[in-house]
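Have a look at the structure below, then the notes.
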Amino acid sequence: MPEFAEPIARLIDELRRLPGIGHKSAQRLAFHILRSTPEDVDRLAQAIAEIKLRVTFCSVCHNLTDLARDPCEYCTDPGRDRRVLCVVEEPHNVFAIERTGEFKGLYHVLHGVLSPLRGIGPDDIRIRSLLERLRALDITEVILATNPTTEGEATANYIGRLLKPIGVRTTRLAMGLPVGGDLEYADEVTLHKALTYRREL
């Protein structure tokens, strides 16, 4: 005998496909949707459908944007510093940096990292368009803001080597101990990075 009615079981199965959603979380979401008003469910379904119809990648920086706004708001904002370019792995990294309120330059989204084990090479991510932008714009600094993973480091190093002959200043986000962290619980790599990228007070 099935655990749930077929439509509920199907919804749970579909929700479980989402990243970070296990069986219990999928059940909770399914029953929340079941208890919601028809209007709430319609709004949710419409939002999900619209995201596939109305969201695209910016033709310049490859960030997410509304189909009606291409190039995106960052590329067209006259108040942004057009001499500094921050390179990130994925669109959600742009939003993380924007939340700090510190960066006022332009972005370039790679949509991945180099990963020979997974068959992802330089032609599979947006490195070529990065080089084309650098030739077209008067960029004075490129900030490599890939994640501090093995693949992120390899990608940053690869791009850094490509940019060296161009002569543009290339920097990497500082890495080290998190605020509120304890030295006792830091791993050797984190402590090594913290010591390497230390600064004078």
message: So for region 134-149 (the condition being among the small types (Gly, Ala, Ser) and closer than 22 Å to Asp77 by Cβ), does at least one residue qualify?
response: yes
Pick from region 156-201, criterion in contact with a Gly (Cβ under 9 Å, 6 or more places away or on another chain) and closer than 17 Å to Cys86 by Cα, ranking: surrounded by the fewest Cβ atoms within 10 Å (Cβ to Cβ): Arg172
- line: In region 53-75, residues that are touching a Leu at 6+ places or on another chain (Cβ under 7 Å) and either without any contact (Cβ under 8 Å) to a residue 40 or more places away in the chain or among the aromatic types (Phe, Trp, Tyr) (or both) total 6
field: Subset of region 106-126 [among the aliphatic types (A, V, I, L, M), touching a residue at least 24 places away in the same chain (Cβ under 8 Å) and touching a Gly at 6+ places or on another chain (Cβ under 9 Å)]
entry: Val113, Leu114, Ile125
message: Residue pairs, Cβ under 7 Å, 6 or more apart or interchain, first in region 127-152 and more than 19 Å from Ile97 (Cβ to Cβ), second assigned to a helix (DSSP H, G or I). List them.
response: Ile127/Ile159; Leu131/Leu162; Leu134/Ile166
- line: Quick count over region 105-139, residues being of a type in the set (Lys, Arg) and not in a helix (DSSP H, G or I), is 1
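Out of all the residues in region 49-57, is one or more farther than 28 Å from His111 by Cα and at pLDDT 95 or above?
Start the filter on region 49-57 by keeping residues that are farther than 28 Å from His111 by Cα, which leaves none.
No, region 49-57 has no match at all.
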- prompt: Looking at this structure, is Cys72 closer than 24 Å to Gly152 by Cα, modelled with pLDDT of 95 or more and touching a Cys at 6+ places or on another chain (Cβ under 7 Å)?
  reply: no
task: Could you figure out which of (1) more than 16 Å from Arg82 (Cα to Cα); (2) acidic (Asp, Glu); (3) surrounded by fewer than 14 Cβ atoms within 10 Å (Cβ to Cβ) isn't true of Glu151?
output: (3)
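The values are calculated or read from the model by the stated rules, or taken from the named source; none is laboratory data. None of the values given here were measured: they were computed from a predicted structure. Note that each Cβ is placed from the backbone with ideal geometry, even for glycine, and that neighbours are counted across all protein chains shown.
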